[in-house]
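Asker: The structure under discussion is supplied below as structure tokens; questions concerning it will follow.
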Amino acid sequence: MDAIARYRDELGLPLIVKETGAGMSPQALDAIRSTGVEWVDVSGRGGTSWTRVEAARPDAPPFGGMFGDWGIPTAAATAWAVRRGFRTISSGGIRTVLDVLRALALGATLVGAARPVLIALEDDELDADAVLADWIEGLRRGCLLAGARRPAELRRVPRLIGSPLRDWISLDEGGVG
């Protein structure tokens, strides 16, 4: 954490601390907060698992693949980061416009999603521009249905958080450990 704080001071620019596919715990977020960094990319479980990528290497230990699903769900890490006042990029397993709407409703500042666009770029039948246009239209409709004029307003609309996400979020309230 000292190195992160030093880079933040030396660069004089906003610094983003990014997870790599396992999400950020409340303890990790508290440590990052102590560095003065204002931005995090929670990169929760559900997106690219670097544990799984490393397990595919020819020299990987035989048990490496069993940890491919390890980590904190993106939604829980997003809620925890927002609770701590971070400007939050919610990424990891964002597959649909509904996932984007949910992340914004949890308070994310930005949402990252690569897979749907990458699939469209690789498939001759799909058009990445059309996929993104559909997502924009979906965001408009989702905002309308939620009573928000803009995506940023979704964080202020009433929401119902069900289980298991509610259970994950409650772990930050002293439920375990």
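Rule-based calculations on the coordinates, nothing more; no lab input. Just so it is clear, the structure is predicted and the values come from calculations on it, not from any experiment. Methodologically, a virtual Cβ is constructed for each residue, glycine included, from the backbone with ideal geometry; neighbour enumeration extends over all protein chains shown.
Asker: Using only the Cα atoms of the chain, build the gyration tensor, take square roots of its eigenvalues as a ≥ b ≥ c, and label the shape rounded, prolate or oblate: rounded if a/c is under 1.5, else prolate if a/b is larger than b/c, else oblate.
Answerer: rounded
Asker: With the chain treated as a Gaussian network of Cα nodes joined by springs under 10 Å, which of ALA130, ALA108, ALA22 yields the largest mean-square fluctuation?
Answerer: Maximum among the listed residues: ALA130.
Asker: In the stretch 35-108, with Lys and Arg counted as +1 and Asp and Glu as -1 at Cβ, which of these residues, LEU101, SER43, GLY68, has the Cα nearest the positive end of the dipole, that is, farthest along it?
Answerer: Result: LEU101.
Asker: Add +1 for every Lys or Arg and -1 for every Asp or Glu among the other residues with Cβ under 15 Å from the Cβ of PRO61, and state the total.
Answerer: 0
Asker: What does the C-alpha gyration tensor say about the overall shape of the stretch 112-177? Classify as rounded when a/c is under 1.5, otherwise prolate if a/b is larger than b/c, or oblate.
Answerer: oblate
Asker: Select from ARG45, ARG57, ARG150 the residue whose mean-square fluctuation is largest in a Gaussian network model of the chain (Cα-Cα springs shorter than 10 Å).
Answerer: ARG57
Asker: In whole Å, how far is the Cα centre of the stretch 1-51 from that of the stretch 102-177?
Answerer: 21 Å
Asker: Residues with beta-carbon under 15 Å from that of GLY85, excluding GLY85: net charge, scoring Lys, Arg +1 and Asp, Glu -1?
Answerer: +2
Asker: Nothing charged except the Cβ atoms of Lys and Arg (+1) and of Asp and Glu (-1): what's the magnitude of the dipole of the stretch 2-172 about its Cα centre? Round to the nearest 20 debye.
Answerer: In debye, rounded to 20, the stretch 2-172 gives about 920.
Asker: Right, here's the next one. Relative contact order of the stretch 2-172, please, whole-number percent, based on alpha carbon pairs below 8 angstrom and at least 6 residues apart.
Answerer: With pairs under 8 Å counted, the relative contact order is 18 percent.
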